[in-house]
Structure formats: C-alpha cells, structure tokens
Amino acid sequence: MNAIITARPASGDRPAITWRAAGDRYVLIEYGEMKLDLELNFFVTSMAAHLAASPIKGLVEAAPGFRSLLLQYDPATIGRGDLVDAVEEVHDAQQSVRSLVIPSRLITLPIAFDDSESREAVRRYRTTIRQDAPNIRDNSNIDYIVDYNGLPDREALYATVTGTEWWNAYTGFFPGLPFMFPLDPRNAITVPKYNPTRTWTAEGAVGIGGPCVAIYPVEAPGGYQLFGRTLTVYDVLARHGVFQDDPILIRPGDRVRFERVSEEELLDLRTDVLENRYEYAIEDDPFSVAGYLAETSAMQAEAERLRIAREAAAEKVEVP
C-alpha cells in the first residue's frame with residue numbers, strides 16, 4: 001500500500017512537499033530532501049506558527065520535526081482530503097522561505113562545563129555498562145568531543161558552544177527536550193552517540209549527538225556525549241513562574257545562548273530557580289531568515305574549511 005497521499009515538487013526556493021498517511025487520525029508532511037538544511041526547518045517552524053495562530057477546524061495539533069509536520073486531526077470534524085486542501089492553502093500563502101520572519105525568542109542560559117553530575121553519569125556508565133568505551137576519559141566525554149572535532153583543547157570546545165546562538169529546531173523525545181543547531185556555521189561540531197546508551201543522565205545536563213545539542217529536561221537514559229549542565233528547562237509542577245503557562249521553556253524557533261559560569265555559581269542559580277527567585281533571561285526577538293542568510297554567507301568558506309578539518313580529525317578517532 002502506498003503511504004504517499006500527494007506530493008508537489010520544489011519551486012524556486014520553496015521546498016518540495018510530500019504528504020504521507022500516518023494512521024486514521026494523523027498525516028505526516030515532509031519538506032525537501034533528507035539532509036541537514038536549516039532553511040527547511042525555518043519553513044516548518046513558520047508553518048507550525050501559522051497553524052497555531054490561525055487554526056483549521058478539526059486540526060487538533062501540528063507537531064514540528066526538523067523537516068516535517070505531524071498533523072493530528074479529528075476525522076469526525078474534517079476529512080483527510082479536506083485537511084490536505086486546507087493546509088495546502090496555507091502553503092500557498094507562505095512567503096518564500098528566504099523572506100520569512102519567524103516568531104522567536106532569545107533565551108540566555110548559564111552553563112557549567114565538565115560539571116560533577118555529568119561526570120557522575122559518565123562514571124556510572126563506565127562502571128556498570130561499558131568499561132572500554134572509547135568516548136570516556138577520566139569519567140568525562142569532553143576530551144573525546146575535542147579530539148573528534150580536531151579542536152586544540154577543551155577551551156576551544158567551550159568557546160565553540162558559547163560562541164553561537166543555538167536554534168531549537170523542534171522539541172520532543174522527552175517532554176521539553178530541545179534539539180538545537182548552531183546558527184553560526186563555523187561552530188558546527190559533531191560526535192557519535194553512546195553505544196549502548198547510558199541508563200542515567202542528570203536533569204539539566206547538556207550534550208551533543210551527531211550535529212545536535214540537547215538539554216536533558218528530566219533525569220533519563222541518554223546517548224548524547226555530555227559536556228556541561230544548565231538550568232531547569234521543563235517543570236510540569238510550575239515551581240517557577242516562567243513555567244506557569246507552559247511547562248516547556250524552549251519552544252521550536254527559539255534560540256539559546258550559553259554563558260559560562262562555574263559549577264558553584266550554577267548550583268546557586270539552580271537553587272534560585274527552585275525557590276522562584278531567578279529571572280530567566282528571555283527576549284522576544286523575531287528571526288529574519290534573510291538577515292541570517294546575509295550574515296552567514298560570508299562565513300561559508302571558513303565553515304567549509306573547518307568542516308573538512310573536523311572530518312579528517314574524526315577519521316582518526318575510534319567510534320563508540
């Protein structure tokens with residue numbers, strides 16, 4: 001049985017669109033080709049924002065992925081064909097992706113690198129799961145990340161993390177877990193995930209898997225290489241006022257900027273969050289795709305040179 005409902009080719013800088021059946025109450029829309037292209041995600045994020053602001057009767061939810069939208073609908077209210085037609089009208093009304101201005105916020109978070117909780121997660125893994133894991137050195141993943149990306153030292157890794165805004169392409173897997181990518185292409189690093197995964201990771205831990213940086217919203221198993229810890233980004237109990245309207249701090253289309261602090265400072269700030277004394281640094285800041293592309297176009301040659309150097313370094317490092 002063919003799961004494809006309909007498709008349209010790419011046109012200009014508008015991506016190709018493929019509609020797929022996903023059960024009797026869901027439809028999956030895929031945009032463009034299967035590759036890491038932030039422009040595709042900008043289009044997805046804009047579509048999700050538009051559908052949230054101007055809901056279609058019968059559409060229950062539009063959940064964005066990196067280059068996809070999963071639509072849940074009520075078949076008693078709207079048929080699948082009518083849903084496709086209604087969303088295609090939204091597609092037609094969308095601006096060219098390079099002309100989009102996307103609702104966004106800039107969230108500044110403190111980060112303590114090589115923190116004790118991340119080291120404890122790595123230690124438990126080495127002790128109970130895989131003693132010979134090549135990604136573990138002195139109960140830490142940091143030196144592995146450094147070597148895999150051909151960076152000169154830990155400080156270079158920390159400067160890479162703090163030297164760019166991180167675009168939250170989508171949220172998922174665990175509730176409130178952001179999947180973030182660097183907006184400065186020169187800061188694009190990558191690393192393989194654990195094999196097998198850890199059984200425990202501290203809430204607030206920050207790690208990288210492939211090209212994606214994530215913040216663990218709850219204590220959980222995990223496979224990302226850990227390099228630090230930040231503040232609470234998910235609280236269903238709304239113990240802090242920032243979570244009263246939504247337990248998830250970082251929304252799709254938000255950007256995160258990390259500022260380095262000591263672990264002692266971070267622990268004090270985490271206490272302030274629990275006692276509702278901390279003020280999260282959140283700035284409404286719509287994101288201009290045209291402005292971003294103009295800013296990064298001059299960086300592409302250096303970004304490509306760094307990518308090649310990092311791939312060469314990765315070939316010399318054992319994969320977990």
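Partners of Lys57 within straight-line reach, counting aspartates and glutamates whose Cα lies under 18 Å from its Cα and excluding those fewer than 8 residues away in the same chain: Asp24, Asp74, Asp82, Asp85, Glu88, Glu89. Loop-located GluC sites (Glu not before Pro) in the range 200-293 (DSSP state other than H, G, I, E, B) with a sparse environment of at most 16 neighbouring Cβ atoms within 10 Å: Glu219, Glu275, Glu279. Here the chain is scanned for trypsin sites (Lys or Arg not before Pro) in DSSP loops (not H, G, I, E, B) that have at most 15 other Cβ atoms within 10 Å, and the longest stretch holding none of them is 138-238. By definition, a body whose alpha carbon gyration tensor gives a ≥ b ≥ c is oblate when a/c is 1.5 or more and a/b is not larger than b/c, and the range 249-320 fits this oblate description. Radius of gyration over Kirkwood radius for the chain, both on Cα atoms: the Rg/Rh ratio is 0.98. Using the empirical formula 2.2 N^0.38 Å as the baseline, the Cα radius of gyration of the range 1-138 reaches a ratio of 1.44.
Summed over the residues of the range 94-172 and divided among them, the accessible surface reaches 38 Å² per residue at a probe radius of 1.4 Å.
Between the alpha-carbon centers of the range 159-218 and the range 227-248, tell me the distance in whole angstrom. Here the two parts' Cα centres lie 17 Å apart. Using a probe of 1.4 angstrom and keeping all protein chains present, the accessible surface of the range 178-320 works out to 48 square angstrom per residue.
Taking only protein heavy atoms and a 1.4 Å probe, the accessible area of the range 93-177 is 46% carbon and sulfur.
In this structure the amide hydrogen of Asn141, modeled in the peptide plane, comes within under 5 Å of the amide hydrogens of Leu226, none closer than 5 places in sequence on its chain. Counting only DSSP H runs of at least 4 residues, each contributing -39500 (n - 2.57), and dividing by the residue count of the chain, the helix-based mean residue ellipticity at 222 nm comes to -9000 deg cm²/dmol.
What is the helix-to-structure angle for 300-314, meaning the angle in degrees between its Cα long axis and the longest Cα principal axis of the chain, kept from 0 to 90 and rounded to the nearest 10? Result, in degrees: 50.
DSSP beta bridges confined to the chain are antiparallel in about 90 percent of cases. Report, ordered by chain and residue number, the lysines lying within cross-link reach of Lys316, taken as a straight Cα distance under 23 Å and ignoring same-chain residues fewer than 8 apart. List returned: Lys193. Taking the average, over residues, of other Cβ atoms within 10 Å as the packing measure, peptides 3-14, 157-168 rank 157-168, 3-14 from highest down.
Remark: the range 212-226, residue by residue, has Karplus-estimated 3J(HN,Hα) of 10, 9, 9, 10, 6, x, 9, 4, 6, x, x, x, 7, 6, 8 Hz, where x stands for each Gly or Pro and the curve is 6.51 cos²θ - 1.76 cosθ + 1.60 at θ = phi - 60°. A cut-off under 10 angstrom between Cβ atoms defines the neighbours of Gly223, and their net charge, with Lys, Arg +1 and Asp, Glu -1, is +2.
The values are calculated or read from the model by the stated rules, or taken from the named source; none is laboratory data. These numbers were taken from a predicted model, which means no experiment stands behind them. Positions of Cβ are generated from backbone atoms using ideal geometry, with glycine treated the same way; all protein chains shown enter the neighbour counts. Protein only, heavy atoms only, side chains kept; ligands, DNA and RNA dropped before computing areas. Shrake-Rupley method; radii C 1.70, N 1.55, O 1.52, S 1.80 Å.
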